[in-house]
Amino acid sequence: MCYIKDLYKYEGEEVTIKGWVYNRRSSGKIVFLLIRDGTGIVQVVVSQGKVSEDVFGLCDTIPYESSVIITGRAYKDERAPGGYELSFENIVVVSFAEDYPISLKEHGIEFLMERRHLWLRSRKPLAVMRIRSTCIKAICDFFDSKGFVRLDAPLLTPSACESTTTLFEVPYFDTKAYLSQSGQLYMEAGCMALGRVYCFGPSFRAEKSKTRRHLTEFWQVEPEVAYATLEDVMKLAEGLVEYIVASVLDKNSLELEILERDTKLLKKIKNPFGSITYTEAVNLVDMDWGGDFGAPEETKLSNMFEKPILVTGYPHEIKAFYMKRNPQDDRIALNFDMLAPEGYGEIIGGGQREDDLAKLEERIDEYNLPRKHYEWYLDLRRYGTCPHAGFGLGLERTVAWICGVHHVRETIPFPRTIDRIYP
Ligand code: 4AD
Ligand code: MG
């Protein structure tokens, strides 16, 4: 057996591929079968007269997405998408498919999302999933090569990390638990043990937001570094994003082409990216000081720059309780968001953490958080506290930007949003 992507190794030889009928067309005496196997698509040429009438008839009528094992001879054809075709020799039908609901014609997004389990087989979703996979590997390679230790954070938690208004509650024996919004607090414990750590897994937000940037379940990578400052992790974030983009450009040119992604700007993603303060950003989009950027402002801001832009020093009121405040200006946090260009908006949020016990205790009260759930977190300030910083990068938003797809729901295999939990 041979995978379609490896056909070039078997020029002139007889090969067997196992896959599905992606498409089929006929010109009377010749049937062209497009077979996909997950690694690629190959055209199989079946000529009347060279095979029995029964077999020819079978190839001419086999339903889309039937599973088949095909034997044929590989030959080079410049015009073929992968550069190779198969001249047909034999077919074994593993299963005749029923009438396939997805055709090559345009379907509405709701129709496709309802059939996501099948739609994943199509060319564009496949290209996005391959790019997602490249991004995941690039993220791990980046941190592993820098000496970070991957440390898994729990998904069932007793309390909020980001905001109590977006927690999913689940019954937990005699009590309640919450699905994790972020592994950060646990990574803070981790970095005090291992120096540099990262977690990479799902995060949950019971967001009522219906924007193209919001999922209720998304993947986040969260590095945390002991003795690091805001500036240190801003540099780390730039390095990470540069590396992810370079990896995709290097490994996924075919997929970017399938997605018709204009890569002109992606090729310019080189360090340093540049940064502006929140105050400067507010002036750029004609907003009052103090509020968070809404979706339109975020889009506007992100369209003003060719590379990702780092926005620093947000008002602490609109940020989480754990943020350290700027010693020169107590109104603002030592934080940053990274906004991707081309209208994609925030892909990273992070900053320096409050490392002073008394101040952190004050914040926990100010934010009305139940103190007893945070005692372990306060312990990190009781036993060897030190400056530390980190950030979280949202995988789906990053993939959406790199792929140039409009909505994050297309960048995760099975999206969960406010109005979708099926399939
Ligand atoms: O800005 P956020 O909420 O930051 C945190 O959770 C920090 N605890 C991270 C840290 O410092 N360790 O989320 C981080 C990133 C966002 O920039 C965004 O890319 C993504 O996670 N994100 C979402 N992606 C999809 N759907 C949502 N509802 C998201 N919420 C956040
Ligand atoms: Mg954020």
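The values are calculated or read from the model by the stated rules, or taken from the named source; none is laboratory data. Please read these numbers as outputs of a predicted model, since none were measured by experiment. Every residue, glycine among them, receives a Cβ derived from its backbone with ideal geometry; neighbour counts consider all protein chains shown. Only protein heavy atoms, including side chains, enter the accessible area calculation; ligands, DNA and RNA are left aside. Shrake-Rupley method; radii C 1.70, N 1.55, O 1.52, S 1.80 Å.
Counting only Cβ charges, +1 for Lys and Arg and -1 for Asp and Glu, the dipole size of the chain around its Cα centre is about 800 debye.
The magnitude of the dipole of segment 4-95, with charges of +1 and -1 set on the Cβ of Lys/Arg and Asp/Glu and taken from the Cα centre, is near 200 debye.
Model label points for residue 251 and residue 152, set 7 angstrom from Cα along the Cα-to-Cβ axis, are 2.2 nm apart. Look at the alpha carbon pairs under 8 Å that are at least 6 residues apart: their mean separation over the length of the chain gives a relative contact order of 14 percent.
Close amide H pairs (under 5 Å, H built 1.01 Å from N) link residue 84 with 77, residues at least 5 positions away or on another chain.
Sorting 106-113, 241-248, 132-139 by their mean Cβ neighbour count within 10 Å, with the most densely packed peptide first, gives 241-248, 132-139, 106-113. Most simply put, segment 4-95 has about 90% antiparallel DSSP beta bridges, counting only bridges with both residues inside it. Here the label points at residue 97 and residue 268, each 7 Å from Cα along the C-beta direction, are separated by 4.2 nm in the simple model. A simple packing score, the average count of other Cβ atoms within 10 Å per residue, orders the peptides 359-370, 392-403 as 392-403, 359-370, with the highest score first. I want to make sure I understand the PRE zone here: with the label point 7 angstrom from the Cα of residue 232 toward its beta carbon, which residues in segment 376-401 have backbone N atoms less than 19 Å away? Of the residues in segment 376-401, 380-393 have backbone N under 19 Å from the label point off residue 232.
The length gained on full extension between residue 369 and residue 8, counted as 0.36 nm times the residue separation minus their Cα-Cα distance, comes to 123.9 nm.
Projecting the alpha carbon convex hull of the chain along each direction and taking the average yields 24.0 nm².
Distances between placed amide hydrogens fall under 5 Å for residue 416 paired with 216, 217, all partners being 5 or more residues away or on another chain. Considering only 352, 48, 328, the Gaussian network model of the chain with Cα springs below 10 Å gives its largest mean-square fluctuation to 328. Apply the Debye scattering formula to segment 10-88, with a single equal point scatterer on each alpha-carbon and no solvent, then give log10 I(q)/I(0) at q = 0.13, 0.18, 0.23 Å⁻¹. Per q value, in the given order, log10 I(q)/I(0) is -0.34, -0.68, -1.13. Expressed as a whole percent, the accessible surface of the chain that belongs to carbon and sulfur atoms is 52, based on a 1.4 Å probe. Solvent-accessible surface of segment 313-386, taken per residue with a 1.4 Å probe and all protein chains present: 41 Å². Over the residues of the chain, the helix contribution to mean residue ellipticity at 222 nm works out to -8500 deg cm²/dmol, using -39500 (n - 2.57) for each DSSP H run of at least 4.
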